[in-house]
Amino acid sequence: MPKLSTNLDAQNVARMVNVPDPVADQDVANKRTVDQAFGQHKVTVPVGDNMNNVFVINHGLNTTSLSFTVKEVATGNTVEADCQATTVNTATITFVTPPTSGQFEVTILG
């Protein structure tokens with residue numbers, strides 16, 4: 001029975017399960033590979049026009065399973081807004097009062 005090492009770094013684990021070292025880009029799941037395989041999953045857009053309190057954002061993420069963050073641009077503080085996935089490619093953001101031009105930034109993850 002092989003002796004187990006208490007030093008479980010990546011190389012030791014790879015040896016224990018007999019995984020060869022990567023020899024080409026396709027052998028490694030790097031950020032570029034993952035981005036190419038799965039596409040963009042984040043959209044950030046400025047909102048606010050001094051008139052409207054409802055904004056429809058075309059995000060193109062092809063899902064209604066979304067996470068929203070709304071921040072005030074000047075302070076970076078997160079603010080409350082009603083955020084809904086309207087369709088698989090659009091979201092509706094509603095504020096209590098109309099924000100000033102570019103006052104907020106909406107980030108959508110999907």
When every residue in region 44-56 that is under 11 Å from GLU105 (Cβ atoms) and of a type in the set (A, V, I, L, M, F, W, C) is compared, the one nearest to the chain's Cα centre (by Cα) is VAL45
In region 56-95, anything surrounded by 17 or more Cβ atoms within 10 Å (Cβ to Cβ) and in contact (Cβ under 8 Å) with a residue 40 or more places away in the chain is listed as ILE57, HIS59, LEU61, LEU66, PHE68, ILE93, PHE95
SER101 passes all but one of the listed conditions (1) loosely packed, with under 15 Cβ neighbours inside 10 Å; (2) farther than 14 Å from VAL45 by Cα; the exception is number (2)
When (1) modelled with pLDDT of 95 or more; (2) closer than 15 Å to VAL45 by Cβ are applied to LEU61, the one that fails is (1)
query: Looking at this structure, is SER5 touching a helix residue (DSSP H, G or I) at 6+ places or on another chain (Cβ under 7 Å) and either among the small types (Gly, Ala, Ser) or at pLDDT 55 or above (or both)?
result: yes
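The values are calculated or read from the model by the stated rules, or taken from the named source; none is laboratory data. Computed from a prediction, not measured in an experiment: that's the story for all the values here. In this analysis, Cβ positions are derived from the backbone assuming ideal geometry, glycine residues included, and neighbour counts consider all displayed protein chains.
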